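The values are calculated or read from the model by the stated rules, or taken from the named source; none is laboratory data. Remember, it's a predicted structure, so these values are computed and weren't measured experimentally. For neighbour counting, all protein chains shown are included, and Cβ atoms are generated from backbone atoms with ideal geometry for every residue, glycine included.
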Amino acid sequence: MATSEFDTVVIGAGAVGSAVAYGLCRAGERVCLLDEGDIAYRASRGNFGLVWVQGKGVGNPDYARWTRASANRWPGFADELATVTGVDVALSQAGGFAICVDEQELQAKADAFESIRRDMGGDYPYEVLTTTQLRTQIPAAGSAVAGAVFCPMDGHVSPLKLLRALFDGVQRQGGQLRTGSSIKRIEPRPDGGFLIHAGTSPIASAKVVLAAGLGNRDLAPQVGLYAPVKPIRGQLLVTERLQSFLRYPTTNVRQTDEGSVQIGPSYEDVGFDDHTTLTEIARMAARALRCFPCLSTANIVRTWGALRVMSPDNFPIYQASSQHPGAFVVTCHSGITLAAQHAGPIAEWIHRGPQPTEIAKFSSERFHVQKD
Amino acid sequence: MFKRIENSATDCTIEVDGKVIPTQAGAPLALALLAAGVSTFRQTAVSGEPRAPLCLMGVCFDCLVQVDGQPNVQACMVRVRDGMRVQLQRGAATVREAA
């Protein structure tokens with residue numbers, strides 16, 4: 001193999017790419033982390049910040065286990081980031097609530113949780129709560145709801161502080177972060193390794209990791225990979241900073257460590273349109289008010305839309321290229337929840353293998369019509 | 001620190017943190033507070049840093065005060081009314097349901 005400036009180039013400096021790059025730097029690799037710039041869709045800047053386990057992996061116990069393993073790994077990961085970078089990412093894992101506004105919703109949730117619990121052999125803690133029980137746990141919750149599901153495995157974190165910690169951690173451990181690096185082409189070299197055509201001169205590296213979110217769809221075929229991801233829009237509202245009134249994250253309202261209240265979410269299949277719409281903003285605000293009537297006087301200071309990176313079955317894609325060894329794709333919707341796994345076992349796998357057995361089901365081969 | 005360059009006659013009063021201050025109806029509240037010698041309008045919600053008006057034109061959001069019970073009002077964007085009750089903010093607003 002020709003000599004390369006870097007062991008690994010990671011394409012995409014969102015939560016996924018930065019976590020992988022951080023793990024590779026920790027393993028001693030020479031890493032270059034490429035960030036497209038503010039023209040990118042930047043799901044990692046627009047998300048809700050949950051470290052979320054509940055409800056994930058209905059019909060897919062491997063995903064339920066993978067998610068839970070990441071949540072379990074998060075406290076150590078956050079401590080490590082604080083030690084290496086001095087950045088407190090404001091992780092809190094006191095449990096999370098899904099507040100349901102009608103009986104039908106609550107029943108659907110309870111059924112879904114029960115099916116995951118069955119798949120997990122009973123080891124899946126959660127409680128279905130009446131409105132009275134909910135209001136004992138969260139006094140600010142409204143009375144005009146049907147109840148909630150509480151799961152002690154859930155939590156939240158500041159996604160922006162996480163990014164800052166990862167960027168800092170990469171650079172403190174010898175990695176390079178290059179912004180404004182749109183990828184023109186990835187060229188597999190005949191004798192192994194890759195030339196990444198970005199900026200003025202190509203970057204040579206032994207390995208390349210595609211973590212470019214929605215950009216992976218077009219990059220993957222250049223190195224014999226397949227990543228059929230597409231955008232699903234989510235809109236969010238954020239309030240002025242308020243005194244702490246909500247200790248726990250919920251699926252549609254959470255209060256950040258600095259006092260702002262985030263209100264969401266929407267799920268919209270509208271292609272690459274990341275604008276906001278009055279219809280969705282109004283619907284989410286109305287639901288938030290029903291769950292937390294005390295928000296009626298809060299000022300909304302900002303609203304935005306961001307694009308989730310969704311695979312056809314909504315589960316992650318982790319794949320090594322057999323055609324071009326050294327090329328990997330890592331993409332998922334839950335880049336915050338799974339950051340601890342990406343900096344841990346996924347980075348270890350890319351560093352020196354072997355592939356973790358837990359991710360066998362997350363290869364992109366599952367999307368091929370004709371399997372071997 | 002500040003003084004009016006013309007017409008310094010006062011024609012109404014407002015209450016600032018319980019203290020009655022003679023001032024001019026219709027003037028921007030931020031200017032009324034500055035003229036009354038208020039230099040720290042608020043302390044920020046996260047770090048508690050002192051803040052005063054910067055832009056005086058509705059952009060910087062540094063002049064936030066509580067006006068008649070409503071928190072985070074831009075003092076440069078409201079006019080003084082007789083009897084207005086102003087509280088300087090210490091940290092974040094509390095949540096409260098509409099009456």
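Laid out as a table, the results:
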| read-out | value |
| --- | --- |
| B:Gln89, sole failed condition from (1) over 30 Å from A:Ala90 (Cα atoms); (2) crowded, with 17+ Cβ neighbours inside 10 Å | (1) |
| Qualifying residue in the range B:14-22 (condition: more than 23 Å from A:Leu242 (Cα to Cα), surrounded by fewer than 17 Cβ atoms within 10 Å (Cβ to Cβ) and touching a residue at least 60 places away in the same chain (Cβ under 8 Å)) | yes |
| Residue in the range A:350-360 that is assigned to a loop (DSSP other than H, G, I, E, B) and in contact (Cβ under 8 Å) with a residue 12 or more places away in the chain present | yes |
| Complete set of residues in the range A:230-259 that are within 12 Å of chain B (Cβ to nearest Cβ) and among the hydrophobic types (A, V, I, L, M, F, W, C) | A:Leu242, A:Phe245, A:Leu246, A:Val253 |
| Test set (1) touching a Ser or Thr at 6+ places or on another chain (Cβ under 7 Å); (2) within 14 Å of chain B (Cβ to nearest Cβ); (3) crowded, with 22+ Cβ neighbours inside 10 Å - A:Val209 fails condition number | (2) |
| Breaking point among (1) surrounded by 15 or more Cβ atoms within 10 Å (Cβ to Cβ); (2) more than 30 Å from A:Phe367 (Cα to Cα); (3) more than 14 Å from chain B (Cβ to nearest Cβ); (4) modelled with pLDDT under 95, for A:Gln262 | (4) |
| Looking only at the range B:40-99, and only at residues there that are without any contact (Cβ under 8 Å) to a residue 24 or more places away in the chain and small (Gly, Ala, Ser), the one that is nearest to the other protein chains (Cβ to nearest Cβ) | B:Ala98 |
| Members of the range A:222-256 found to be more than 16 Å from A:Ala298 (Cα to Cα) and over 23 Å from the mean Cα position of the chain (by Cα), listed by number | A:Gln222, A:Val223, A:Gly224 |
| Failed item in (1) under 21 Å from A:Ile300 (Cα atoms); (2) surrounded by fewer than 15 Cβ atoms within 10 Å (Cβ to Cβ); (3) charged (D, E, K, R), with B:Arg4 passing the rest | (1) |
| Yes/no for A:Gln319 being touching a residue at least 12 places away in the same chain (Cβ under 8 Å), closer than 18 Å to A:Gly96 by Cα, in a strand (DSSP E or B) and not aromatic (Phe, Trp, Tyr) | no |
| Helices (runs of 4 or more DSSP H) (entirely within the range A:1-120) containing at least 3 residues that are free of Cβ contacts under 8 Å to residues at least 12 places away in the same chain | A:61-85, A:103-119 |
| Residue, farthest from the other protein chains (Cβ to nearest Cβ), within the range A:282-319, restricted to residues that are aliphatic (A, V, I, L, M) and surrounded by fewer than 19 Cβ atoms within 10 Å (Cβ to Cβ) | A:Ala282 |
| Test result for A:Ser115, hydroxyl-bearing (Ser, Thr, Tyr), closer than 30 Å to A:Glu258 by Cβ and over 23 Å from the mean Cα position of the chain (by Cα) | no |
| Some residue of the range A:124-144 being under 25 Å from the mean Cα position of the chain (by Cα) and more than 27 Å from A:Leu289 (Cβ to Cβ) | yes |
